[in-house]
Each structure stands twice: as C-alpha cells, then as structure tokens.
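Coordinate-derived values only; no laboratory data. Quantities reported herein were computed from a predicted structural model and do not represent experimental measurements. Because the Cβ atoms are built from the backbone with ideal geometry, glycine has one as well, and the counts that use them run over all protein chains shown.
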Amino acid sequence: MKEELLAIALKDPLASLDDAKAKAFFDKYGSIEAIEGKLRLPNHVTSVRHVWRDHELSNEEVAALKDIVGVLQKTHAQLLSAHPTLAGILSRNESHFREATADINEPIRVAVTGASGNIGYALLYRLASGDAFGPRTPVILQLLELPGALNALQGVEMELRDCAFPTLRDVIVTDKPEVAFAGVDYALLVGAQPRSKGMERADLLMKNAEIFTVQGKALNAHAKGKDTRVIVVGNPANTNALIAQRNAPKIPPANFGAMTRLDHTRGLAQLSEKLQLTSTTEIKNFCIWGNHSATQFPDISHSLVFKNGQWKSLREELNDEAWNQNTFIPDVQQRGAAIIKARGASSAASAASALIDNVREWHSGTTEWTSCGVHSNGEYGVEKGLFFSYPLIFNNQKWNVVPNLHMNAFAQERIDATHKELREERDAVAKFLPKD
Ligand SMILES: NC(=O)c1ccc[n+]([C@@H]2O[C@H](COP(=O)([O-])OP(=O)(O)OC[C@H]3O[C@@H](n4cnc5c(N)ncnc54)[C@H](O)[C@@H]3O)[C@@H](O)[C@H]2O)c1
C-alpha cells in the first residue's frame, strides 16, 4: 500500500536543474551530485497534493501519505543542514510544502495574549500562514486582550481572515482567559504590564506577577493539559514564566519557556556581520545563558563558523577577545534598549520573528543548538526550578540542555551574575509562588 502511494506521489520527478545559473551556483557552493535528486522535492510534494485531493483515501492511506510528506521534509532539513550556504535557495521548498499539504493534519489551537499589541500584530500573520507549525498543519488562533483593546483586536481578526491563509482554520477573540486558553496546545504569553515612567523595577515585577498568576491558574484549569506548551515573552519573561508555571501544576514544568530566542538571533546577526558571512546559518553552537535582561551571557566559547567548506572554531577565526568582551557581549545585552532609543518603541517584528523560531523549534525539533529559558533541573550549578536560558536541542517536543560544556573563569563569572539576578527576582515575587 505504502509503496503504491509512494510510486504515485513521486511519479513526476521533473529535473529542476535545467537552469544554467542554478547549475553554476551549485557547482560553486555544493556537491551537485549529492543534491541533484533532492532538489526535486517541490515536484514530489505537488504530486502528494494531487493524491490527497483527487483520491478517496482510507485512514491507513492518509497515515502513509503523512509519512511520505514527513520523509520529504526530513530530506529538506538534512539538505539545509549539510549545505548551510544554500539556505536562501532552499527556502522556496518551504513555500511548496505550504501550498501542497496545508490540510493534512489536525488543527493546533494556539492562544496569544496581548494579541493586539505591537508584537501581536507582527506575530499573528506568521502563525496563521504556517511559519511556526509547518505548511501542513492548520491553526486555530485564540486571542486574548484587555477589554479596552478588543475593538482593535476585532480589526486584526478581520485582516487575518482577509488573508485567506490555507492554514488558518478559525480565529477567536476574547477578553476572558478561560475562553482564550480553552483546549490550547500552545499558549504564547505576550501581553504584560509595560514599565511606565517613574515605575520601579520592583513595582513592575509585582504588577506582572498578578497577571501571570491569573493566567497560570486559567491555563491550569482550561488548557489541553499535560501536552500544552507555554512560552512567555512579556517581561520580565523568565520570572513571569516561573510564576505562570507554579500556578499551573497540571502542566509539566518542562513545558514552559521564557523567550531568549531574540537575544540568540541578535547574537548570530552581529557575529555574521563581523565575520562577513554569507548567512547566519554559517554559525553554530552559539547560545544565551541566564536571564532575558542586561545580565544575560551571549556565549561564543563553543561556537563554530563555516569557512572554506569546513566548520572551524569561531573564536580562533575571530581572533579578537577584546571585541567579544567589550563590544559584542554588551551590544547583545543592550540591543533592546538601543532599539527603544532609535524607534521610540520596543522591538516588535524581530521579537515576533524570534517567537516563531522558538515555537517552530519546540514543535518540530532542532539539530543545532538554540536558546530558551527553561525550568532548570540544576544543570551547570543553577538552582533547580529557576527559568534559566541554556543551550538546548529540541527533539520530539522536548528539550535537552547541551551537556558537559567546559566553562572558563570568565564564562562562569557571567553565568553567576545572571543566576544571582534570577534568584533575586524569584525572591521578590515569593508570595506568588505556590510550592513546586
Ligand atoms: N522576551 C523578549 O525577547 C521580548 C522582546 C520584546 C518585547 N518583549 C516584551 O513583550 C511584551 C509585549 O510587547 P509589545 O511591544 O507587544 O507591547 P504592547 O504594549 O504593544 O502590547 C501589549 C499588549 O498586551 C495587552 N495586555 C496587557 N495586559 C494584558 C493581560 N493581562 N491580558 C491580555 N492582554 C494584556 C495590552 O492591552 C497590549 O495590547 C512586553 O512586556 C515587552 O517588554 C519581550
């Protein structure tokens, strides 16, 4: 059965390397023999689409077809990993996947809080268009706002529907957490109390502690349950994640995250510029440790860079420790403040983009290191239960901290400083933390 379907699905593998320009490009950048067959992926996917549309399929056949699409996507991911320089060219495969297989999976319910805010506006269209859960998974968006922002949110809903995304199944707009979180697979907690003029950091912590206590409790009572994933973006993200998690005991602590993915991409972008790389995919093993705040530690100690066809030590290629310590680290730590100064508003499109990356990686897995604040199990001497950003690999919708990394004295000092700040934040909100 599977073989028959595979034969139909792959029956029309047109050669897609007729273009002389593409040939010249691959001659220069990659082994053409190795990738030639794999570049036919878009044609294979289109064939899968025809099988899906034009035949009455049994449940067994649908399962087989899903497997086939899975194999095609895996091939695409392997190709990208083996040839990081081809990222731009290969991205067109993604849009083929999107169009060809939009309705094969069950919809995923995603709650977004603060949905009519700046990040929300940049985020929702990408969630709806398949950027986070993939081109073959429909989504139902469940959007939460304060009552005063509901009108604006209804306008956002109209626009979302007007896009006619094949992956958008429904949109729910509400000011009630119990409605927004009902049955959700993912909750993206973006809305938070902003820091107003003259407000002390301690007051900001308290105000947000109240919001994330309410939302944690509502998630506990109404979300899907032990398979729900919760990613906190609203600041102070790590401590808000801790509060939400402690108030939602039915959801495993490992399912909560605090977003440091934007700090991660900021670091990659700056390194890529400094080393004059073709693409940020030519860097790996970079990470952010600790808090999403100015004490975070962007760490290049273990990073590799793709140069002349080989992965080499980034530190050795850079050969400029003074730039690392005096320019790179402070610039990544202060990037949020620099954007507020320039734009008059905090980063929104880049934060939304990083959240898409974060969700996609959590959902579909990673082969390279990424960063996210997660519930510490004591790794690298961090107090158990704190939400601490680590180098992570995601697999099967679970994360593992990259083990056995050697820390030099400089790195340890940085990690100690951000660890101390997170302990202080936790102690300040102690009254909002039911026992773990
Ligand atoms: N982790 C990160 O990397 C990162 C990066 C950028 C911004 N942020 C943080 O993300 C948050 C949102 O940023 P923004 O630019 O979208 O802010 P924004 O002020 O434009 O939007 C926030 C929205 O949240 C809503 N809101 C507030 N309290 C709410 C509640 N209890 N329930 C539901 N909605 C609520 C507001 O009505 C508003 O529409 C801020 O806390 C910001 O500091 C985090």
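Evaluated with a Cβ-only charge set (Lys, Arg +1; Asp, Glu -1), segment 261-431 carries a dipole of roughly 400 debye about its Cα centre, given to the nearest 20. Counting 0.36 nm for each residue step from Ile340 to Lys226 and taking away their Cα separation leaves a gain of 37.3 nm. Applying 0.36 nm per residue to the separation of Glu106 and Asp416 and subtracting their alpha-carbon distance, the gain on full extension is 107.2 nm.
Averaging the Cα positions of each part gives two centres, and for segment 342-388 and segment 155-229 these lie 17 Å apart.
Around the amide H of Cys287, modelled in the peptide plane, lie the amide H atoms of Asp299, all under 5 Å away and 5 or more residues distant in sequence or on another chain. For segment 175-213, the list of GluC sites (Glu not before Pro) that fall in a loop by DSSP and count at most 13 other C-beta atoms within 10 angstrom reads Glu200.
So how strong a dipole does segment 108-251 carry about its Cα centre when Lys and Arg Cβ are +1 and Asp and Glu Cβ are -1, to the nearest 20 debye?
Dipole magnitude for segment 108-251 comes out near 440 debye.
Can you tally the net charge around Leu271? Count Lys and Arg as +1, Asp and Glu as -1, for every other residue whose Cβ sits under 15 Å from the Cβ of Leu271. Local charge sum for Leu271: -3.
Maximal additional length on extending the Asn59-Ala430 stretch stands at 128.5 nm, based on 0.36 nm per residue less the C-alpha distance. Between Asn319 and Val179, the simple label model (points 7 Å from Cα in the Cβ direction) yields a spacing of 6.3 nm.
Does a label point 7 Å from the Cα of Glu200, set along Cα-to-beta-carbon, have any residues of segment 231-248 with amide nitrogen under 19 Å, and which are they? Once the point is set 7 Å along Cα→Cβ of Glu200, 236 turn out to lie under 19 Å by backbone N, inside segment 231-248. Coupling constants for segment 117-130 follow from the phi torsions by the Karplus curve (6.51 cos²θ - 1.76 cosθ + 1.60, θ = phi - 60°), and in residue order they are x, 5, 5, x, 5, 7, 8, 4, 5, 6, 4, 5, 8, x Hz; glycine and proline get x. Close amide H partners of Ala187, meaning residues 5 or more places away or on another chain with modelled amide H under 5 Å apart, are Ala111, Arg229, Val230, Ile231.
Write out the trypsin sites (Lys or Arg not before Pro) in segment 219-249 meeting two conditions: DSSP loop, and at most 14 other Cβ atoms within 10 Å of their Cβ. Taking segment 219-249 and a limit of 14 other Cβ atoms within 10 Å, the loop trypsin sites (Lys or Arg not before Pro) found are Lys226.
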